[in-house]
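Worksheet: the structure to be examined is printed underneath.
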Amino acid sequence: MANFGESIYNMIPPKMEVREKPPMHRSKYAGTQPPTGSTFHAASTTCPAYSNTDGAAVEKPVADKTHGTFGKKQGGYSSDPNGYMKKAEKTGGRVLSLAEVKTQNPEALAPKHLKTRTSIIPKADEAPVMNLVTSKNFIVANAVETILSAPRKLPEGAKDFLKKEDYGKVPKYLQHIKQDIEAEYDYIQQLHQDREEEEYAQKRPLGEDERGSIVEGLKSKWEQVNTAYQGGTHMTKMDTMGKMKRKERYEAELSQIEKDIEKMSRGNIVVDSRM
């Protein structure tokens, strides 16, 4: 049949082909068995074994469960966040006082381990006290003693701390602290005084002859520096850094020497031997 492109048969939808499902494959081996030659189950164990060799689907030589075949079943040792022990759960919600334990459960206070005591056997030369008879009537004596006894004094309200002997007074420990502070202050003052005396002992007055020689030496040095300074005063143009630095150095030396001469010209000069 020739193919002319369009055909009326194309307008008819084709029939849906329903495919039949083949039967599902179900293995005769359990899905929980390890693969052939598996060693995955031997992790974290000291048994380097393997399982399911030669297609023999047997159980694992090392079971994948907690504690092996001992103890609880697998998952039985996992903690339950809602099953923790509450406060005072064993005592009914609160801790019993000692008086309540004595009345309700005195067996809990009894010692569990007692030492066996042997009866004290009297010696052969120890004779028991015999023939002791008294004519005292203990019933009447106790009644008379109870009647004549003074009543017990009860406490008179709360204790008044305003009536104490040392109320409003300076505590004794503050006096001790004050004495310690004064002693420490006196010790520091003594150290300063000793240091001042030591420094004063190392000072001496400058003699007149020595002072005059120092002044003469300063004047001669001033003459030398001034001569060198005057030798460069004709320079009106300071065009180099060396000329500027040299002029500033001479001026600083002259100023310092003049201050030293003025200071040495005074009287009562004291010299420190440590300098």
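Structure summary
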| item | result |
| --- | --- |
| Test for residue 200: is it in contact (Cβ under 8 Å) with a residue 24 or more places away in the chain and of a type in the set (Ser, Thr, Tyr) | no |
| Pairs with Cβ under 9 Å, 6+ apart, first in region 168-188 and without any contact (Cβ under 8 Å) to a residue 12 or more places away in the chain, second surrounded by fewer than 10 Cβ atoms within 10 Å (Cβ to Cβ) and among the charged types (D, E, K, R) | 172/166 |
| Options 39, 91, 45, 118: the member that is at pLDDT 70 or above and surrounded by 10 or more Cβ atoms within 10 Å (Cβ to Cβ) | 39 |
| Subset tally (residues that are over 17 Å from residue 259 (Cβ atoms) and assigned to a helix (DSSP H, G or I)) for region 197-215 | 10 |
| In region 224-239, residue modelled with the highest pLDDT [restricted to those that are exposed (fewer than 11 other Cβ atoms within 10 Å of the Cβ) and assigned to a helix (DSSP H, G or I)] | 227 |
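The values are calculated or read from the model by the stated rules, or taken from the named source; none is laboratory data. What you see is a predicted model, and the numbers here were worked out from it, not measured in a lab. Neighbour counts are summed over all protein chains in view; Cβ atoms, including those assigned to glycine, are modelled from backbone coordinates with ideal geometry.
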